[in-house]
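Trainee: Sharing a structure with you now.
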Amino acid sequence: MNPAVAGSASATLRERVFALLAGVPDPEIPVLSVLDLGVIRHVSVAPDGSVEVGVAPTYSGCPATPMIKADILAALAGAGIRATAVDVLSPPWTSDWLSEEGRRKLEAYGIAPPAAAVGSPRALVHAEPVIACPRCRSQETERLFEFGSTPCKALYRCLSCREPFDYFKCL
Amino acid sequence: MTPHCRYVLRLADTNLVLAQRLGEWVGHAPALEEDLGLANVALDLLGQARLLLAHAGELEGRGRDEDALAYLREESEYLNLTLVEQPNGDFGLTIVRQFLFDAWQHALHEALEQSSDAKLAAIAAKAVKESSYHLRYSSGWLIRLGDGTPESHRRVADALTRLWPFTSELFDADDIDRAAAAAAIAPAPGALAAAWNRTVDDVLAAATLARPPAASYAWYGKQGRHSEHLGYLLAEMQSLHRAHPGVTW
């Protein structure tokens, strides 16, 4: 096969892989795909047609990471694509990598999307971003608790509509 | 084992032992939110520990993976800081232990981002954001308890006096620390004291707690000479793996 044809075949394969990844949900927040979550760092196609997907863990100990990788490989295998999934530690995942669509989906799902990343990790210690209620949009909210049902979320309460809600933490 | 490997193992063991201690709270915390909070912190520390143990295993080059290092080493081979193996006590003591540790680990992670060991730098760059949230959690609770009722104040004040002697080990350098610093793998332990003191003094002031006087100490957990508490922790943590070698979920 001449290189131009091989190149276009691998480009087509990459497109197929991305289309499949768009259908792989995050196991903990199934409204988001792994693409929305921003954890897919690369998709590379080797000359022999095998695919490598680079996955960034959201938190070092997030129990969903192995499951995300397994789900990705299962989705690709189901389409007849041989693939491996590797961890990509650097640069570290940040909540800024959530896609715009992902942020909209989160809010529609009832989870407030993360505030924009602060300048430095030290600033995270004291940051008090204004979080809008995903239900009534009120900015009169308060943090109930730093840690929620998953490592990436905190628990908030809306002071206007009185509903509690999850906030996807800035990281 | 090279000083480089031993240094990484110290960090790994410190995280692993503290994660195990925090895990003991699951199902026993004073409120569901604290159960979740302590478990979340434990999970972050455990995740970091796994990366560090795997890295130490690669540096050692003898084929030991994270499980072999976690489950099949004896007490004297564990190189964690003595502070983190201290029993949980009441919720106040757990918070004091966590705060003294978080203030140190956050400064350490910031410094390790510049490590000449690229893998260690990558682990730290990820972990520093997690330790920011840990420090925020433990500082918030220490202030609430210290500046709370007479009873909560008394309990955290007692815990502070009890745990304070263990903090010297965070900043005292030995040959391993000096070798790691000389190779720019890690900061000199003493270089973290300024940032730690600043955090500790600010939070203790807000918590209306007095800084205890410096105290001498006789524990060198990072050299494998531990207090009497680590053996029991390891016995519980390792028993399943030792009874059923190679067992998986």
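Laboratory data are not the source of any read-out in this text; all were calculated from the coordinates shown. Here the structure is a predicted model, which is why all the values come from computation and not from measurement. Using ideal geometry, Cβ is built from the backbone for each residue, glycine included, and neighbour counts are taken over all protein chains shown.
Trainee: Positive end of the charge dipole of chain A (Lys, Arg +1 and Asp, Glu -1 on Cβ, about the Cα centre): tell me which of A:Thr65, A:Ser8, A:Ala116 has its Cα farthest that way.
Mentor: Comparing the listed Cα positions along the dipole, A:Ala116 ranks first.
Trainee: Any idea how far the Cα center of segment B:189-235 sits from the one of segment B:62-113, in Å?
Mentor: If we compute the Cα centre of each part, the gap is 12 Å.
Trainee: Specify the inter-centroid distance of segment A:1-62 and segment B:1-59, based on alpha-carbon positions, in whole Å.
Mentor: 31
Trainee: What percentage of all Cα-Cα pairs in segment B:13-130 are separated by more than 24 Å?
Mentor: So the pairs more than 24 Å apart make up 29 percent of the total in segment B:13-130.
Trainee: A further question follows. HN-Hα J couplings of segment A:51-57 from phi, Karplus 6.51/-1.76/1.60, θ = phi - 60°, integer Hz, Gly and Pro as x?
Mentor: Rounded to whole hertz, the list is 10, 10, 10, x, 10, 9, x.
Trainee: Once phi is turned into θ = phi - 60°, what whole-Hz ³J(HN,Hα) does the Karplus curve with 6.51, -1.76 and 1.60 give for every residue of segment B:92-109, x standing for Gly and Pro?
Mentor: x, 5, 4, 5, 4, 4, 5, 5, 4, 6, 4, 4, 6, 5, 5, 5, 5, 4
Trainee: Still on this structure, please answer the following. Scan around A:Lys153 for amide H atoms under 5 Å from its own, H built in the peptide plane at 1.01 Å from N, and keep only partners 5 or more places away or cross-chain.
Mentor: For A:Lys153, whose amide H was placed from the backbone, the distant partners under 5 Å are A:Gly148, A:Lys169.
Trainee: On to the next question. Helix A:3-21 versus the longest principal axis of chain A: what angle, 0 to 90°, nearest 10, using Cα atoms?
Mentor: Once rounded, one gets 30 degrees.
Trainee: Comparing A:Arg122, A:Arg157, A:Arg103, which has the greatest mean-square fluctuation in the GNM of chain A with Cα pairs linked when under 10 Å apart?
Mentor: A:Arg122
Trainee: Taking chain B as the reference, fit the longest principal axis to its C-alpha atoms, fit the long axis of helix B:193-206 to the helix C-alpha atoms, and give the angle between the two in degrees, 0 to 90, nearest 10.
Mentor: The angle comes out at about 30 degrees.
Trainee: I need the per residue convex hull volume for segment A:99-168, using only the alpha carbons, in cubic angstrom as a whole number.
Mentor: 92
Trainee: Over chain B, what is the relative contact order in whole percent, taking alpha-carbon pairs under 8 Å and six or more residues apart?
Mentor: Relative contact order, chain B: 25 percent.
Trainee: Which whole-number percent gives the relative contact order of segment A:99-168, counting Cα pairs below 8 Å spaced six or more residues apart?
Mentor: 27
Trainee: Please compute the average number of Cβ atoms from other chains found within 10 Å of each residue's Cβ in peptide A:143-150.
Mentor: Mean partner shielding for this stretch: 5.
Trainee: A further question follows. 5 Å is the cut-off here: which amide hydrogens, built 1.01 Å from N in the peptide plane, fall below it relative to A:Arg41, excluding neighbours closer than 5 in sequence?
Mentor: Residues meeting the amide H criterion: A:Gly54, A:Val55, A:Ala56.
Trainee: If you don't mind, there's one more thing I want to ask. What distance in nm lies between label points placed 7 Å from Cα along the C-beta direction at B:Thr208 and B:Asp147?
Mentor: 1.0
Trainee: Could you work out which residue, out of B:Pro150, B:Pro87, B:Pro189, moves most in a Gaussian network model of chain B, that is, has the largest mean-square fluctuation with Cα springs under 10 Å?
Mentor: B:Pro150
Trainee: Sticking with this one: Where a ≥ b ≥ c are the square roots of the eigenvalues of the C-alpha gyration tensor, would you call segment B:3-243 rounded, which needs a/c under 1.5, or, failing that, prolate if a/b is larger than b/c, or oblate?
Mentor: Judged from the Cα gyration tensor, segment B:3-243 comes out prolate (a/c at least 1.5, a/b above b/c).
Trainee: Let me make sure I get this right: for chain A, a, b and c are the square roots of the gyration tensor eigenvalues over alpha carbons, sorted descending. Under 1.5 in a/c it's rounded, otherwise prolate if a/b > b/c, else oblate. Which is it?
Mentor: Because a/c hits 1.5 or more and a/b exceeds b/c, chain A counts as prolate.
Trainee: Angle check, please: helix A:100-109 long axis (alpha carbons) against the longest principal axis of chain A (alpha carbons), in degrees 0 to 90, nearest 10.
Mentor: Approximately 50 degrees, to the nearest ten.
Trainee: If you plug each phi of segment B:117-129 into the Karplus form 6.51 cos²θ - 1.76 cosθ + 1.60 with θ = phi - 60°, what whole-Hz ³J(HN,Hα) values come out, in order, with x for Gly and Pro?
Mentor: In residue order, the calculated couplings are 8, 4, 5, 5, 5, 5, 4, 5, 5, 6, 6, 5, 6 Hz.
Trainee: Leaving out same-chain residues fewer than 8 places away, which lysines sit with a Cα under 26 Å from that of A:Lys153?
Mentor: Excluding near neighbours in sequence, the set is A:Lys69, A:Lys105, A:Lys169, B:Lys126, B:Lys129.
Trainee: Restricting to DSSP H runs of at least four residues, report the calculated mean residue ellipticity at 222 nm for chain A, -39500 (n - 2.57) per run over all residues, nearest 500 deg cm²/dmol.
Mentor: Mean residue ellipticity, 222 nm, calculated: -9500 deg cm²/dmol.
Trainee: On to the next question. Take chain B, connect every pair of alpha-carbon atoms lying under 10 Å apart with a spring to form a Gaussian network, then pick out the residue of B:Glu169, B:Glu228, B:Glu130 with the largest mean-square fluctuation.
Mentor: Of B:Glu169, B:Glu228, B:Glu130, the Gaussian network model singles out B:Glu228 as fluctuating most.
Trainee: Does the protein assembly as shown come out rounded, prolate or oblate, given a ≥ b ≥ c as the square roots of the eigenvalues of its C-alpha gyration tensor, rounded meaning a/c under 1.5 and, failing that, prolate meaning a/b above b/c?
Mentor: Since a/c reaches 1.5 but b/c is at least a/b, the shape of the protein assembly as shown is classed as oblate.
Trainee: Right, something else. Report, by chain and number, residues whose modeled amide H sits under 5 Å from the one on A:Thr84, excluding near sequence neighbours (fewer than 5 apart, same chain).
Mentor: A:Val51, A:Glu52, A:Val53
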